[in-house]
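> Can you keep this structure in mind? I'll have questions shortly.
The values are calculated or read from the model by the stated rules, or taken from the named source; none is laboratory data. Just so it is clear, the structure is predicted and the values come from calculations on it, not from any experiment. Glycine also receives a Cβ, built like all others from the backbone with ideal geometry; neighbour counts cover every protein chain displayed.
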Amino acid sequence: MEYLKTTEVKDLTRNYIMNTYRRAGISLVKGSGARVWDAEGKEYLDFLSGISVCGLGHCHPKIVAAIQEQAGKLMHCSNLYHIQSQACLAQALLEGSPFDKAFFCNSGTEANEAAIKLARKYAKVKHGVTRSVIVTALKSFHGRTLGSLTATGQMEYHKDFGPLLSGFKYVPFNDIPAIEQAVTPETAAVLLEPIQGEGGVHVPDKDYFGRVREICDKVGAILIMDEVQTGMGRTGKMFAFEHFGIEPDAITLAKSLGGGFPIGALLAKDDIAQVFSPGTHATTFGGNPLACTAALAVLNTMDNEGILEHVATASRALFGGLEKLKAECPHIAEIRGLGLMVGIEVQDLQNLCTEPPAKLISLGCLNKGLLVNAVTNTTVRLLPPLIVGESEIKEALDIVGQVLNETF
Ligand SMILES: Cc1ncc(COP(=O)(O)O)c(C=O)c1O
């Protein structure tokens, strides 16, 4: 296929696409493993993985083959019928997990919408009164549709879209007294990311979720964890809640579940899942044969290729290298994260930057062929594919080091 030049794509985008994204000035056309190429043939090391979507790297041959084969058989058939790959995917995700039932959709925001509806219906069925409050965290991110947007504790995203849903309360993340006060007998659910991603890669204290679990249990509220960004091995465990020694009642997944193909999921314990009955929740595309085949291929490949073990090794190399950079560079204030979900907190000590430092660093990296992103003005986020190699980590660290030197 002939590729349009980046300038041509830029013009088309400006003319025809709604202006909802600040896009970097490159047009990506090809990917393989941890690398992508733009329309002019420039190569980039992708340390963002499409924001944690291409967990197994770009165009993993097993995923490509599974999608190609299924596309020639049956892409879609509606949830009015049984779907083999959907049933097998649910079994593969649930067996060995604390959850019993799955609902499939197409994205993270939809998975959270499903979770909010499930929590409210469960509270109603279980407690027999309207008990609708959902407690979420400030700086959280749960999606852009109105329910998930209301759950998102970043008020700048709410602006101009009101009225939003009623019955949401926000607490500072990793603050036990605050959540203890907020969770009451009116609370249907607490919805939290195990590690806040879009909010700046914040890992809570080791005992935080243990206390949150107790607080929920005390009043009979359910605990839902949004694993859309952290799930599917990103933090070195299949699901990030496993780091905290607790079991949530439900989790939401999306992003890397399909290895690049859109799919979302809500997994829940049986007594909660049971409140959904035919007609209570649905989606046209969710759980279709093509998406579920892609996700099954992701799970099989993770298993066959020992991906979780590899993440542990790669994570040690990445954090080790970043800590070394930090020791040499006073402009790195902190390295945060778990597994291959990393935030570099930078500080502009001499006030030299004309723009937010994280933005300048991410742009500097892009110019040198490394894709990362700025999640806040001062946090640069790295989400390399889980298959990233040691030499690629070294290459990325060299670029980050050079860019830090040139920026400050
Ligand atoms: C934790 C979390 N939840 C939900 C979402 C929304 O997912 P989607 O963009 O697939 O709707 C995101 C997206 O970044 C996320 O990071």
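For (1) part of a helix (DSSP H, G or I); (2) surrounded by fewer than 24 Cβ atoms within 10 Å (Cβ to Cβ); (3) under 19 Å from the mean Cα position of the chain (by Cα), each residue gets a yes or a no:
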site: I344; (1), (2), (3): no, no, yes
site: T354; (1), (2), (3): no, yes, no
site: A358; (1), (2), (3): yes, no, no
site: L363; (1), (2), (3): yes, yes, no
site: P385; (1), (2), (3): no, no, yes
site: V388; (1), (2), (3): no, no, yes
site: E392; (1), (2), (3): yes, yes, no
site: L397; (1), (2), (3): yes, yes, no
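Conditions tested, residue by residue: (1) free of Cβ contacts under 8 Å to residues at least 40 places away in the same chain; (2) touching a strand residue (DSSP E or B) at 6+ places or on another chain (Cβ under 6 Å); (3) not hydrophobic (A, V, I, L, M, F, W, C).
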{"residue": "E186", "(1), (2), (3)": "no, yes, yes"}
{"residue": "L192", "(1), (2), (3)": "no, yes, no"}
{"residue": "G199", "(1), (2), (3)": "no, no, yes"}
{"residue": "K206", "(1), (2), (3)": "yes, no, yes"}
{"residue": "F209", "(1), (2), (3)": "yes, no, no"}
{"residue": "Q229", "(1), (2), (3)": "no, no, yes"}
{"residue": "M232", "(1), (2), (3)": "no, no, no"}
{"residue": "I246", "(1), (2), (3)": "yes, no, no"}
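> Would you pick out the residues in the range 367-408 that are touching a Lys or Arg at 6+ places or on another chain (Cβ under 9 Å), among the polar types (S, T, N, Q) and more than 22 Å from R22 (Cβ to Cβ)?
Matches in the range 367-408: Q402 only.
> Scan the range 124-142 residue by residue and report those that are part of a loop (DSSP other than H, G, I, E, B), over 26 Å from the mean Cα position of the chain (by Cα) and in contact (Cβ under 8 Å) with a residue 12 or more places away in the chain. Don't jump to the end; show me each part of the working.
Filtering the range 124-142 down to residues part of a loop (DSSP other than H, G, I, E, B) leaves 128-132, 139-142.
The next check asks that each one be over 26 Å from the mean Cα position of the chain (by Cα); those that pass are 128-131.
Once the filter is applied, which keeps residues that are part of a loop (DSSP other than H, G, I, E, B), over 26 Å from the mean Cα position of the chain (by Cα) and in contact (Cβ under 8 Å) with a residue 12 or more places away in the chain, the range 124-142 yields only R131.
> Regarding L308, is this residue more than 30 Å from R213 (Cα to Cα), away from the ligand (no atom under 16 Å from the Cβ) and either part of a helix (DSSP H, G or I) or not assigned by TED's automatic domain parsing to the domain that holds E395 (or both)? Give the steps one after another, and end with the answer.
Working: more than 30 Å from R213 (Cα to Cα): no; away from the ligand (no atom under 16 Å from the Cβ): yes; either part of a helix (DSSP H, G or I) or not assigned by TED's automatic domain parsing to the domain that holds E395 (or both): yes.
No, not satisfied.
> Pick from V171, V183, V203: which is farther than 21 Å from R120 by Cα and away from the ligand (no atom under 11 Å from the Cβ)? Reasoning before the result, please.
Details: V171 fails: farther than 21 Å from R120 by Cα; V183 fails: farther than 21 Å from R120 by Cα.
Just a single option satisfies the conditions, and that option is V203.
> Looking at this structure, is T130 among the polar types (S, T, N, Q) and within 16 Å of the ligand (Cβ to nearest atom)? Please lay out each step first, then the result.
Numbers: among the polar types (S, T, N, Q): yes; within 16 Å of the ligand (Cβ to nearest atom): no.
No: the conditions fail for T130.
> If we scan the range 65-76, do we find a residue that is over 18 Å from A189 (Cα atoms) and buried (at least 22 other Cβ atoms within 10 Å of the Cβ)? Explain how you work it out, then say what you get.
Going residue by residue through the range 65-76, those that are over 18 Å from A189 (Cα atoms) are 65-76.
Subsequent filtering for residues that are buried (at least 22 other Cβ atoms within 10 Å of the Cβ) retains 66.
Looking through the range 65-76, at least one residue is over 18 Å from A189 (Cα atoms) and buried (at least 22 other Cβ atoms within 10 Å of the Cβ).
> Would you mention how many residues in the range 82-123 are away from the ligand (no atom under 16 Å from the Cβ), assigned to a loop (DSSP other than H, G, I, E, B) and over 17 Å from D271 (Cα atoms)?
Summing the residues that are away from the ligand (no atom under 16 Å from the Cβ), assigned to a loop (DSSP other than H, G, I, E, B) and over 17 Å from D271 (Cα atoms) in the range 82-123 gives 3.
> Right, something else. Scanning for something within 12 Å of the ligand (Cβ to nearest atom), assigned by TED's automatic domain parsing to the domain that holds D100 and either within 22 Å of E95 (Cα to Cα) or at pLDDT 95 or above (or both), does the range 206-221 turn up at least one residue? Even if it seems obvious, please write down each step before you answer.
Step one: filter the range 206-221 for residues within 12 Å of the ligand (Cβ to nearest atom), giving none.
No.
> With the requirement that a residue be over 18 Å from T376 (Cα atoms) and of a type in the set (F, W, Y), what does the range 137-185 give you?
F161, F168, Y170
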